[in-house]
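Undergrad: Have a look at this one.
Bear in mind that the values in this text are calculations on the coordinates, not laboratory data. All values derive from a computational prediction rather than experimental measurement. Using ideal geometry, Cβ is built from the backbone for each residue, glycine included, and neighbour counts are taken over all protein chains shown.
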Amino acid sequence: MIKIKKIERIIWMLDVSIKNLGFSYNDKQGMVLGDINMEVKKGDFVCLLGQSGCGKSTLLRLLAGLEKPTRGQILIDGSPIQGPSLQRGVVFQDYGLFPWMTTGENITIAIKHRFPEMNKAEQKERALYWMKNVDMDESLYNKLPGELSGGQKQRCGIARAFAIDPPILLMDEPFGSLDAVTKAKLQDLILRLWQQEKENRKTIFFVTHEVDEALLLATHISVLSQSPANIMYSHSFEGKIKPTRSNLHREPEIIDLRNYLIKLIHEDAEIRATKE
Ligand SMILES: Nc1ncnc2c1ncn2[C@@H]1O[C@H](COP(=O)(O)OP(=O)(O)OP(=O)(O)O)[C@@H](O)[C@H]1O
Ligand SMILES: [Mg+2]
């Protein structure tokens, strides 16, 4: 059995506060994000829903510190984001693995950066622990990404993100290019990993354009309107029935919410089509 050395975890409160956030890539293009306001508590699982091109990835890039707000601000525990940080891990749709590095190297390079005090054996131990946690066989440790299936590549991306233990995790359509069965397995996996941390759960921002995926994963759903994006609808499952695979098409309250979200996104897309 793989044992993992206990590491000191930095304790952060990590409430995320998005205030009057507006963003434009350049003056000619106009605003991509209009006026976004959001209060997110530590341990929330926020799904950002919206049609293609509305600015979901842009919002995630701002949260990652890869872009700076044009207007307004994003505060973490009251302090504005200054740039990329190990406090915020990212999982991409296209996996973001270095193609010339093996699974093990892709994970240990991140561990080395986050825990420079660890020796090589400890880094490997931690990488194998997280591979096991995402149901990746140890035999894949020395395989290159090109030798892995899409699902295996994304398991590697998830293992790498969790191995550095970021209190905030940003996920941009991470299962967008996977088949339905693999996608369902990975949705269950991410829920299990998030839930098992109990009172120390990560805060997750998860971008998707699939209503069912948002319903299954989120504690909070925010729907973005077309660009310049605003939040046109927010839903919290606190104190309400939580959607699961078994009640998604059975529970009247959830069926109503599901239909409402689909209609909202479709109507927004129609408004856009008539404008174009
Ligand atoms: N680096 C960039 N420079 C200029 N414009 C950009 C850049 N990245 C995105 N955009 C524009 O910003 C808008 C929002 O793009 P974004 O990628 O955030 O949308 P999205 O909601 O993630 O879409 P999708 O669901 O298709 O991934 C689009 O009009 C896009 O063309
Ligand atoms: Mg996107």
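Undergrad: Where a Cα-Cα gap under 17 Å defines reach, which aspartates and glutamates qualify for K263, not counting those fewer than 8 residues away within the same chain?
TA: K263 reaches E210, D212, E213, E253.
Undergrad: How high is the relative contact order of the chain, in percent, counting Cα pairs under 8 Å that sit 6 or more residues apart?
TA: 26
Undergrad: Residue-wise, which Karplus ³J(HN,Hα) couplings in Hz belong to region 245-259, taking 6.51 cos²θ - 1.76 cosθ + 1.60, θ = phi - 60°, and x for glycine or proline?
TA: 4, 7, 9, 4, 10, 10, 7, x, 4, 6, 4, 4, 5, 4, 4
Undergrad: Apply the Karplus parameterisation 6.51 cos²θ - 1.76 cosθ + 1.60, with θ equal to phi minus 60°, to every residue of region 107-122 and state each ³J(HN,Hα) to the nearest whole Hz, in sequence, with x for glycine and proline.
TA: In residue order, the calculated couplings are 7, 5, 5, 6, 4, 4, 5, 7, 10, x, 6, 6, 7, 4, 5, 5 Hz.
Undergrad: Which value in Å is the Kirkwood Rh of region 101-205 over different Cα pairs?
TA: Result for region 101-205 stands at 14.1 Å.
Undergrad: Now a separate question. Around L215, what is the net charge, scoring Lys/Arg as +1 and Asp/Glu as -1 over all other residues with Cβ under 12 Å from its Cβ?
TA: Numbers: positive: K240, K242, R245, R258; negative: E210, D212, E213, E251, E253, D256.
Within the 12 Å Cβ shell, the charges total -2.
Undergrad: Return the long-range amide H neighbours of Y233 (sequence gap of 5 or more, or a different chain), with a cut-off of under 5 Å between placed amide H atoms.
TA: HN-HN under 5 Å from Y233: V223.
Undergrad: Starting from the Cα of D15, step 7 Å toward the Cβ, then list every residue of region 56-92 with an amide N under 14 Å from that point.
TA: The answer is 75-79.
Undergrad: If you don't mind, another one. Considering only C-alpha atoms, what is the centroid distance from region 199-228 to region 90-137, in Å?
TA: The two parts, judged by their Cα centres, are 26 Å apart.
Undergrad: Using a Förster distance of 35 Å, how high is the FRET efficiency between A180 and I241, based on the Cβ-Cβ distance and rounded to 0.05? Show your work: numbers first, answer last.
TA: Working: r = 24 Å, r/R0 = 0.69.
The computed FRET efficiency comes out at 0.90.
Undergrad: Can I ask one more? Of the peptides 155-163, 95-103, how do they stack up when ordered by the mean number of other Cβ atoms within 10 Å, highest first?
TA: Working: 155-163: 25.0, 95-103: 16.8.
Ranking, from highest mean packing down: 155-163, 95-103.
Undergrad: Semi-axes, largest first, in whole Å: what does sqrt of 5 times each Cα gyration tensor eigenvalue give for region 140-268?
TA: In descending order, the three semi-axes are 27, 17, 16 Å.
Undergrad: Sticking with this structure for a sec: Along region 217-223, what does the Karplus equation 6.51 cos²θ - 1.76 cosθ + 1.60 (θ = phi - 60°) give for ³J(HN,Hα), rounded to whole Hz, x for Gly and Pro?
TA: 9, 6, 8, 9, 10, 10, 9
Undergrad: Could you pull out every one of the lysines with an alpha carbon less than 30 Å from that of K124, ignoring same-chain neighbours closer than 8 positions?
TA: Answer for K124, where 30 Å is the Cα cut-off: K3, K5, K6, K42, K112, K132, K143, K153, K183, K185, K198, K202, listed by chain and number.
Undergrad: Counting Lys and Arg as +1 and Asp and Glu as -1, what is the net charge of the other residues whose Cβ lies under 13 Å from the Cβ of L189?
TA: +3
Undergrad: Considering only region 129-276, what is the antiparallel percent among its DSSP beta bridges, to the nearest 5?
TA: 50
Undergrad: Go ahead and collect, in residue order, the members of region 158-191 whose backbone nitrogen is under 18 Å from a label point 7 Å along the Cα-Cβ direction of L86.
TA: Output list for this probe position: 159-170.
Undergrad: Take N142, project a point 7 Å from its Cα along the Cβ direction, then tell me which residues of region 100-120 have their backbone nitrogen under 14 Å from it.
TA: The answer is 102-105, whose backbone nitrogens lie closer than 14 Å to the label point.
Undergrad: Please list, in chain and number order, the residues 5+ apart from V91 or on another chain whose amide H is under 5 Å from its amide H, with Hs placed from the backbone.
TA: L170, M171, D172
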